[in-house]
Amino acid sequence: MQRAQQLDGLEQIGGGEEPSRASMAFFQWSQENSSVFRFEIFNREGYSQLISDRHGTALVDVSEFNADAARAIRSMEPIVAVRDGTTAGDPSFLAEAYMPVLVDGRPIAAVAAFLDETKNRDRFSQTFLLATGSLCLLTALAFVVPAAAWYRRTREKQHADDELMFLAKHDG
């Protein structure tokens, strides 16, 4: 919580100005100590202003429009999604969150955080496969056990009927 408060000057960054020392320290700290692998800061129109990733933090040379950032700013609501990584250097599965930054109820910028969710997805997939396999095994047992008991009982009845027929023939 204290670290997030060090990300000051978002209005200046959103306006294309250099980030403060505290902001730079926050970006460096977050790259080293969290699952966030990239931050992007957008101006109030949704154009990129700054990118911070494992390679460093810098203002962008050519600002690009991002529809999700613009939508988060317009709606003043966060936009969150998960997707497969498509860009070289991205993890294979990631979450992205676009958060509007409001000052006195007006949007001044948007901050996007990109998190590596590959391990979580892999854990979920393994758990799902284990649960699916267990369910299949239980379903098979639920069929096989009664079927085996029925088959055994049918054979016992057939054997008893054969004995009765044999006795009836020989007693008669």
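Okay, here's what the table says:
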| quantity | calculated |
| --- | --- |
| Qualifying residues in the stretch 47-61 (those that are within 11 Å of Ala112 (Cα to Cα) and of a type in the set (Gly, Ala, Ser)) - the one modelled with the highest pLDDT | Ser48 |
| Subset of the stretch 113-149 [of a type in the set (Asp, Glu) and either modelled with pLDDT of 90 or more or touching a Lys or Arg at 6+ places or on another chain (Cβ under 7 Å) (or both)] | none |
| Filtered residues of the stretch 94-111 (kept if modelled with pLDDT of 90 or more and either open to solvent by 30 Å² or more (accessible area, probe 1.4 Å) or of a type in the set (D, E, K, R) (or both)) | Glu96, Met99 |
| Boolean, Ser48 is among the polar types (S, T, N, Q), more than 16 Å from the chain's Cα centre (by Cα) and assigned to a loop (DSSP other than H, G, I, E, B) | no |
| Among (1) more than 15 Å from the chain's Cα centre (by Cα); (2) surrounded by fewer than 16 Cβ atoms within 10 Å (Cβ to Cβ); (3) in contact (Cβ under 8 Å) with a residue 24 or more places away in the chain, the one test that Ala69 misses | (2) |
| Residue match in the stretch 73-80 (condition: small (Gly, Ala, Ser) and closer than 30 Å to Asp122 by Cα) | no |
| Among residues of the stretch 62-92, those that are at pLDDT below 90 and closer than 15 Å to Val36 by Cβ, counted | 5 |
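The values are calculated or read from the model by the stated rules, or taken from the named source; none is laboratory data. From a predicted model like this one, the values you see are computed outputs, not experimental measurements. Note that each Cβ is placed from the backbone with ideal geometry, even for glycine, and that neighbours are counted across all protein chains shown. The accessibility values were calculated without ligands, DNA or RNA, using every heavy atom of the protein model including side chains. Shrake-Rupley method; radii C 1.70, N 1.55, O 1.52, S 1.80 Å.
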